[in-house]
Amino acid sequence: MNSNIIKLAQSELNRLFHANIGVDGIAGKNTKAALHRVTVLPTEWNTKRKIVGLIQYVATMENIDAGAIDGKWGPQTESAYADLSYKREHGRLPEPWRQDEFTGSSEGQWPLQNEAAMNAFYGEVGTNQGKANSPYPLKLAWQTNKIVNRFTCHEKVAPAIERVLQKVLTHYGLEEIQRLRLDLWGGALNVRKMRGGSKWSTHAWGTSIDWDPSNNQLRWNKQKATLAAPEYDFWWNCWEEEGAVSLGREQDRDWMHVQFARLR
Ligand SMILES: [Zn+2]
């Protein structure tokens, strides 16, 4: 079990049930004893199930929909846990995603990510490149003292990228962008084959961008990748509004990566 989940449960035990235990992410003797004293949790549940049940219970009391308080971790609990963590950190629930903030849906205009479809739409790998200008300063993710105001990408995707970044700037503002590390640019055009494969990466056409790679590594799933947190929903919605695909949102891997190529 993720230690952050245990930490949240421990701090709730302290806050609501006056447990006075350490918040260390380890479900030790004191945590078990404190859970045992929470009368809404069936005594026959094991520690893990009680922790999940406690989070479901606290979320429900905070008007966060956690589904049934059954001690079982599922998508509803996952989402309730994310909202509750956010609320404890920021003192309020994350902004709900509002459909009317988005205009000009263009989903479906981009090709499938296979080589033939990509070549037909974009041309050969590495060709037809242009520049995307960022409305806010980007930092090279691997050398953060280096500022990037524009970067090379396929000329067909540059306007969409600029629209996304403009919406992002308007919505979050520069300070929040920096706090969320949405200014950490991890590269776009890269004429290379996919890791461990013979196919071209979508980066080879300049149609993908990586963001904050060190906090969103290739094999990390949403438990670990920071870009999976609810506060990034607006960010991803902006990309999806342009028809771009987040591998994180679609496949729960490679959360750094967004591409102007369809998976299906
Ligand atoms: Zn990538």
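Restricting to region 126-144, name every residue that is crowded, with 17+ Cβ neighbours inside 10 Å and at pLDDT below 95.
Of everything in region 126-144, just one residue is crowded, with 17+ Cβ neighbours inside 10 Å and at pLDDT below 95, namely Ala141.
Residues checked against (1) outside any helix (DSSP H, G or I); (2) surrounded by fewer than 19 Cβ atoms within 10 Å (Cβ to Cβ):
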position	(1), (2)
Leu8	no, no
Ser11	no, yes
Leu16	no, yes
Gly22	yes, yes
Thr31	no, no
Ala34	no, no
Ile51	no, no
Leu54	no, no
Thr60	no, yes
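Can you tell me which residue in region 168-196 is nearest to Pro137 (Cα to Cα), limited to those that are under 15 Å from the mean Cα position of the chain (by Cα) and in a loop (DSSP other than H, G, I, E, B)?
Asp183
How many of the residues in region 148-160 are among the aliphatic types (A, V, I, L, M) and surrounded by fewer than 13 Cβ atoms within 10 Å (Cβ to Cβ)?
Number satisfying all stated conditions: 0.
Within region 190-212, can you find the residues that are touching a helix residue (DSSP H, G or I) at 6+ places or on another chain (Cβ under 9 Å) and surrounded by fewer than 19 Cβ atoms within 10 Å (Cβ to Cβ)? Before you say what the answer is, go through the steps one by one.
Initial filter on region 190-212 (touching a helix residue (DSSP H, G or I) at 6+ places or on another chain (Cβ under 9 Å)): 190-194, 199-200, 202, 204-212.
Within region 190-212, Asn190, Val191, Arg192, Lys193, Met194, Lys199 meet the criteria.
For the structure I just gave you, tell me whether His257 is crowded, with 18+ Cβ neighbours inside 10 Å, within 14 Å of the ligand (Cβ to nearest atom), farther than 13 Å from Ile161 by Cα and over 11 Å from the mean Cα position of the chain (by Cα). Quick ask: steps written out before the conclusion?
Details: crowded, with 18+ Cβ neighbours inside 10 Å: yes; within 14 Å of the ligand (Cβ to nearest atom): yes; farther than 13 Å from Ile161 by Cα: yes; over 11 Å from the mean Cα position of the chain (by Cα): no.
Against the criterion (crowded, with 18+ Cβ neighbours inside 10 Å, within 14 Å of the ligand (Cβ to nearest atom), farther than 13 Å from Ile161 by Cα and over 11 Å from the mean Cα position of the chain (by Cα)), His257 does not qualify.
Within region 196-223, take every residue that is more than 10 Å from the ligand (Cβ to nearest atom) and out of contact with any Phe, Trp or Tyr (no Cβ under 9 Å at 6 or more places or on another chain) and give me the one that is modelled with the lowest pLDDT.
The selected residue is Gly196.
Can you tell me which residue in region 223-252 is surrounded by the fewest Cβ atoms within 10 Å (Cβ to Cβ), limited to those that are under 20 Å from Thr77 (Cα atoms) and in contact (Cβ under 8 Å) with a residue 60 or more places away in the chain? If you could, list the steps in order and put the result at the bottom.
Here is the first cut: in region 223-252, the ones under 20 Å from Thr77 (Cα atoms) are 223-233, 248-252.
The next check asks that each one be in contact (Cβ under 8 Å) with a residue 60 or more places away in the chain; those that pass are 223, 229-231, 233.
On the way: Gln223: 11, Ala229: 16, Pro230: 16, Glu231: 18, Asp233: 15.
If we take residues in region 223-252 being under 20 Å from Thr77 (Cα atoms) and in contact (Cβ under 8 Å) with a residue 60 or more places away in the chain, then Gln223 is surrounded by the fewest Cβ atoms within 10 Å (Cβ to Cβ).
The values are calculated or read from the model by the stated rules, or taken from the named source; none is laboratory data. Remember, it's a predicted structure, so these values are computed and weren't measured experimentally. Heads up, the Cβs are rebuilt from the backbone with ideal geometry, glycines too, and the neighbour counts pull from every protein chain shown.
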